[in-house]
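Since the structure comes first, as structure tokens, the remarks are kept for the end.
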Amino acid sequence: AKNRSASAWCFFHEGMTFAAHERLALEARLRKALELDHMRLFYQPQIDLATGRLVGAEALVRWLDPEEGLISPARFIPVAESSGVIGPLGLWVLREACSQGQRWREAGMPDIIVAVNVSLHQFLLTDIAGATAEVLRETGFPASQLELEITESALATQPEEALAVLKRLRELGLRLAIDDFGTGYSSLAHLKRFPLDLLKIDQGFIRDIPHSTDDMSISSSVIALGHAMGLKVLAEGVETREQLQFLQQKGCDYMQGYLCSRPLPAADFMQLLEKTHAG
Ligand code: C2E
Ligand code: CA
Ligand code: CA
Ligand code: CA
């Protein structure tokens with residue numbers, strides 16, 4: 001038994017070394033990519049379920065590597081988070097999204113909301129309110145058209161600190177959304193005190209509608225809960241007509257998902273924006 005645990009430890013140890021090495025390499029590549037301007041934002045439409053209109057865009061970052069092609073944020077956001085690269089990366093995302101939003105305005109596009117993801121460390125460990133104020137000033141993009149998405153788990157980690165940051169952001173006049181709702185164990189007592197505008201139902205609760213009666217109950221409860229707290233509710237990851245119909249029936253306000261569109265490069269998104277609002 002002693003031998004076995006010794007070799008198990010060796011195996012584990014080697015595995016960790018490899019993982020740590022890979023992580024460092026990825027971190028260095030990520031810093032370099034940011035410097036070389038290899039990051040891109042894609043935009044996924046947000047649709048008003050009552051009118052069918054395109055009312056917003058969620059900015060989603062991708063890493064365009066010359067050799068590997070597009071790299072998913074699922075692969076590098078966690079590394080960025082734990083290494084501190086999230087500071088400069090998050091700032092780049094915010095600045096790029098607001099500049100793009102302002103370019104659409106200048107091109108005569110209808111006013112839409114631009115939603116930007118803010119990660120846990122960016123939210124709690126950087127001066128996000130100061131940075132946002134600065135970016136809005138620099139780009140000229142109106143605060144009223146900017147929405148920041150903060151995950152439920154980030155808000156639940158340190159609710160008192162979170163409340164203070166949310167209040168400062170709210171004072172800038174922008175909108176606040178709680179992302180991945182239903183996955184983060186935030187207490188309703190805290191939620192009620194947070195100055196929020198929108199609750200985004202995590203796509204994990206939408207995926208198995210209409211086959212999972214549990215997920216249907218959860219989603220309709222979350223819609224009712226959001227409305228009871230005076231919030232709008234958006235469902236993410238909507239892929240089928242049945243899901244759309246269910247959400248409409250339950251009075252969900254907005255949707256986002258492949259049924260309507262995948263995240264698009266800025267130029268393609270603008271074409272969609274022009275087309276859907278023409279006539
Ligand atoms: P998220 O904020 O929950 O974003 C939604 C994810 O679901 C996006 O993945 C989007 O492409 C995907 N999605 C949208 N519609 C559908 C659908 O109908 N079906 C399915 N299966 N998926 C759909 P993406 O772009 O790969 O981003 C993954 C995660 O990476 C995001 O999850 C977010 O947590 C993080 N992320 C992306 N961009 C940023 C960023 O700029 N900053 C930060 N901090 N995190 C980001
Ligand atoms: Ca999001
Ligand atoms: Ca989400
Ligand atoms: Ca998610």
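The values are calculated or read from the model by the stated rules, or taken from the named source; none is laboratory data. Since the model is a prediction, treat every value here as computed from it, not as a measurement. All Cβ positions, even for glycine, are placed from backbone atoms using ideal geometry, and neighbour counts span all protein chains on display. These area figures cover heavy atoms from the full protein model, side chains too; ligands, DNA and RNA do not enter into them. Shrake-Rupley method; radii C 1.70, N 1.55, O 1.52, S 1.80 Å.
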So which of Ala154, Ala129, Ala133 is within 16 Å of ligand 2 (Cβ to nearest atom) and in contact (Cβ under 8 Å) with a residue 12 or more places away in the chain?
-> Ala154
Please work out which one of (1) in contact (Cβ under 8 Å) with a residue 60 or more places away in the chain; (2) within 27 Å of Ala28 (Cα to Cα) is the condition Ala50 fails and give its number.
-> (2)
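Tell me which residues, restricted to region 139-167, are among the acidic types (Asp, Glu) and open to solvent by 40 Å² or more (accessible area, probe 1.4 Å).
Let us first name the residues in region 139-167 that are among the acidic types (Asp, Glu), namely 147, 149, 152, 160-161.
Matches in region 139-167: Glu160, Glu161.
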Scan region 27-51 residue by residue and report those that are surrounded by fewer than 17 Cβ atoms within 10 Å (Cβ to Cβ) and under 20 Å from Glu147 (Cα atoms).
-> Arg40, Asp48
